[in-house]
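J.: Just dropping this structure here.
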Amino acid sequence: MAAAAHIFLPFSTSTSKFRAPSARLSSNGSTSSSSSGSPSLTHQFSGKPEADVIVIGSGIGGLCCGALLARYNQDVLVLESHDLPGGAAHCFDIKGYKFDSGPSLFSGLQSRGPQANPLAQVLDALGESLPCATYDSWMVYIPEGEFLSRIGPTEFFKDLQTYAGANAVQEWRKLLDAILPLSAAAMALPPLSIRGDLGVLSTAGARYAPSLLKSFAQMGPRGALGAMKLLRPFSEILDSLELKDPFVRNWVDLLSFLLAGVKSNGVLSAEMIYMFSEWYKPGCCLEYPLHGSGAIVDALVRGLNKFNGRLSLRSHVDKIVVEGGRAVGVKLRDGQFLRARKAVVSNASMWDTLSLLPVEAIPKSYRESIETTPQCDSFMHLHLGFDAELAPEGLGIHHIVVNDWDRGVDADQNVVLISVPTVLSPDLAPPGKHVLHAYTPGTEPFELWEGLDRRSNEYKELKAQRSEIMWEAVERTLGPGFDRGKCDVKLVGSPLTHRRFLRRNRGTYGPAVKAGERSFPGHTTPIPQLFCCGDSTFPGIGVPAVAASGAIVANSLVPVAQHSELLDAVGI
């Protein structure tokens, strides 16, 4: 899958990953006393206490699912525990500075047609547009040096020649020549065509089989054989090409990790090939939504409202109600019961969904499967608001700092990602100011924080210690003119912040599922009428992936004819 955040690349991209806290924090990193910021606030639910489908959580996956169901003329109610929609992708305002909480690196948001980003396909189906600024590079700080890395078919060769040498150039060309032809197969099946029942034989199989077969025929025997590896780890393609240059292998590991939270030996080849086709083709570009990642959430909420879907904020789901073995609704924290006539859809993580279910309703095998699924680590976050005079001229929006290749890109305190979105969307800060978001991408161990009291000196000291790596990366990026003491806003988020504000079990980024070892679960559950979407389900972590998961669930809950009509309407 690819194209939009884990960069959610742990940035978020058309290929991306990333989750972050709702930063309701004071300038010293402690929780704010503002009532609007408390994640425990609820309100008395008003309105019709039932719907055809109830969606738990307004993350990208939940909103895509809910909005598409509304587009399908279903009566939909999306319940969100917090006072802002969007989950990890929401924006928040502190002193006039508007911060992205999660995804920040995107591509393909304005694409259209069968090969478009899944999120773009959903927005197209909703009739919503998303104005974006475009750019083509980000700064990279690695042990070999620092350089402006440009996407596109030729520019990166210059960087390879300078920092790695002729052998790396030769191997990179060999890699592109081998995998770019495979992109036709990787992108032949539009995500919006997929559903979770046998109807997929009509909406996806029969509809797109000719184009898929054509792509295989054009590749020839060797290419078709390579396409068989699309669902295998990407490292197998690297190995088959005998790519051994350390810089090339490290760079591919970095891209893999930014995309899916695992290195090349754990990411699906199809995901990486999709990303390569987005970033290394002629005329490609990166995109940033004007007005921040919250603009994506706003567009999905507009689509939900347009088709009479409902969104209820500060409506904390305490339990999924199961009667007669079927999910029939939810119970809110205040005790109110809301009935779901057709289905309940959980956009929570697999572990958090498990905690919402009555113990007696959960098959032992299902519980054990979830409890034994490994988790990605959590995050450290640094959100800053400061005067633009503290930043150098020509500052770019994105920066990646890798301190030590030998430790691995997935090692804690080793890789820092930095986004300065006011470079492209200055309205996110007061005039003459910048917002900055730095984070360690899914590499912060929760064990260091487990059991700490957020009000204790021990917690504050650990935050100061573990955030120093981000401060150092920011100072390296912004240069000697930057002074951390002159920032108007300084917010530090920890794994406990993740757990508290995003309701994420252990503050995790999501399942640490490695290709070739296990696969992301589907969207059905052993409990009839209970479905799941989001980063705990196929196709996995990242904005494009979670958008696709929400669409798949929505498609699965309506007749094939209705699904096919939607595909016709959006021209795919």
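The values are calculated or read from the model by the stated rules, or taken from the named source; none is laboratory data. Predicted, not measured: the structure shown is a model, and the values here were computed from it. Cβ atoms come from the backbone with ideal geometry, glycine included; neighbour counts cover every protein chain shown. The protein model used for the area step is the full one, side chains on, heavy atoms only, and it has no ligands, DNA or RNA in it. Shrake-Rupley method; radii C 1.70, N 1.55, O 1.52, S 1.80 Å.
J.: Solvent-accessible area per residue for the chain at a 1.4 Å probe radius, Å²?
T.: Value returned for the chain: 36 Å² of accessible area per residue.
J.: What FRET efficiency do you get for Asp404 and Arg112 if R0 is 41 Å and r is their Cβ-Cβ distance, rounded to the nearest 0.05?
T.: After rounding, the FRET efficiency stands at 0.50.
J.: Could you let me know the centre-to-centre spacing of region 410-435 and region 103-156, using Cα atoms, in angstrom?
T.: The two parts, judged by their Cα centres, are 16 Å apart.
J.: Please work out whether region 331-415 counts as rounded, prolate or oblate from its C-alpha gyration tensor, where a ≥ b ≥ c are the square roots of the eigenvalues and a/c under 1.5 means rounded, while otherwise a/b larger than b/c means prolate and anything else oblate?
T.: It is oblate, given that a/c is not under 1.5 and a/b is not larger than b/c.
J.: Tell me, in nm to one decimal, what length is gained between Arg455 and Gln336 on full extension, where the rule is 0.36 nm per residue of separation less the Cα-Cα distance?
T.: Length difference between fully extended and current span is 39.6 nm.
J.: While we're on this one: Considering only protein heavy atoms and a 1.4 Å probe, what is the carbon-and-sulfur percentage of the accessible area of region 110-190?
T.: Result for region 110-190: 50 percent of the exposed heavy-atom area is carbon or sulfur.
J.: Which of the trypsin sites (Lys or Arg not before Pro) across region 80-159 are loop residues per DSSP, with 15 or fewer other Cβ within 10 Å?
T.: Filter output for region 80-159: Lys95, Arg112.
J.: What are the residues whose amide H is under 5 Å from the amide H of Asp83, where those residues sit 5 or more places off or on another chain and H is modelled from the backbone?
T.: Amide H neighbours of Asp83, under 5 Å, 5+ apart: Arg314.
J.: Ranking request for peptides 327-335, 273-281: highest mean number of other beta-carbon atoms within 10 Å first, then the rest in descending order.
T.: Ranking the peptides 327-335, 273-281 by packing returns 273-281, 327-335.
J.: Determine, from the Cβ-Cβ distance of Gln161 and Ser369 and an R0 of 56 Å, the FRET efficiency 1/(1 + (r/R0)^6), rounded to the nearest 0.05.
T.: 0.70
J.: Would you tally the net charge around Val248, using a Cβ to Cβ cut-off of less than 13 Å, leaving Val248 out, and scoring K and R as +1, D and E as -1?
T.: Its environment carries a net charge of -3.
J.: Taking H placed 1.01 Å from N in the peptide plane, check which residues at least 5 places from Ala133 or on another chain put their amide H under 5 Å from its amide H.
T.: So Ala133 has HN proximity to Tyr288, Leu290.
J.: Something else about it: How large, in percent, is the carbon and sulfur part of the accessible surface of region 458-564 at a probe radius of 1.4 Å?
T.: Using a 1.4 Å probe with all protein chains present, region 458-564 comes out at 50 percent carbon and sulfur.
J.: What shape does region 109-188 take by its C-alpha gyration tensor, where a ≥ b ≥ c are the square roots of the eigenvalues and a/c under 1.5 counts as rounded, a/b above b/c as prolate, and the rest as oblate?
T.: Oblate, since a/c reaches 1.5 and b/c is not below a/b.
J.: So, one more: Could you run the Karplus curve 6.51 cos²θ - 1.76 cosθ + 1.60 with θ = phi - 60° over region 549-566 and give me ³J(HN,Hα) per residue in whole Hz, x for Gly and Pro?
T.: 4, x, 5, 4, 5, 4, 4, 5, 9, 10, x, 4, 4, 5, 4, 5, 4, 5
J.: Can you run the Rg to Rh ratio on the chain? Use alpha carbon positions and the Kirkwood inverse-distance Rh.
T.: Radius of gyration over Kirkwood radius for the chain works out to 0.95.
J.: Further question on the same structure: Extending each Cα 7 Å along its Cβ direction at Ala411 and Ser240, get the distance between those two points in nm, one decimal.
T.: 3.1
J.: Okay, moving on. Residue by residue through region 337-349, what is 3J(HN,Hα) from phi via Karplus (6.51 cos²θ - 1.76 cosθ + 1.60, θ = phi - 60°)? Round to whole Hz and write x for glycine and proline.
T.: 9, 10, 8, 10, 6, 10, 6, 10, 10, 9, 9, 6, 5
J.: Would you kindly find the accessible area of Phe257, with a 1.4 Å probe and non-protein molecules such as ligands, DNA and RNA excluded, rounding to the nearest 10 Å²?
T.: Rounded to the nearest 10, the figure is 0 Å².
J.: Let me make sure I get this right: for region 451-538, a, b and c are the square roots of the gyration tensor eigenvalues over alpha carbons, sorted descending. Under 1.5 in a/c it's rounded, otherwise prolate if a/b > b/c, else oblate. Which is it?
T.: Here region 451-538 falls in the prolate category.
J.: Taking 7 Å along the Cα-to-C-beta vector as the label spot, tell me the Lys486-Glu389 distance in nanometres, rounded to one decimal.
T.: 0.7
J.: Another question, then. Which whole number in µm²/s is D for region 269-378 by Stokes-Einstein, with the Kirkwood Rh taken over Cα pairs at 4 °C and 1.567 mPa s?
T.: 72
J.: Considering amide H positions built from the backbone, and no H for Pro or chain starts, which residues 5 or more places from Glu50, or on another chain, come under 5 Å of its amide H?
T.: Distant-sequence amide H within range of Glu50: Arg339.
J.: Once every DSSP H run of n ≥ 4 in the chain is given -39500 (n - 2.57) and the sum is divided by its residues, what mean residue ellipticity at 222 nm do you get, rounded to the nearest 500 deg cm²/dmol?
T.: Result for the chain: -10000 deg cm²/dmol, rounded to the nearest 500.
J.: What list of ³J(HN,Hα) couplings, whole Hz, do you get for region 484-493 from phi and the Karplus terms 6.51, -1.76, 1.60, once you set θ to phi - 60° and write x for glycine and proline?
T.: Residue by residue, region 484-493 yields 4, x, 9, 6, 6, 10, 9, 10, 10, x Hz.
J.: OK, next. For a protection proxy built on the mean count of beta-carbon atoms within 10 angstrom, sort 504-510, 176-182, 249-255, 320-326 highest first, please.
T.: Put in order of decreasing packing, that is 504-510, 249-255, 176-182, 320-326.
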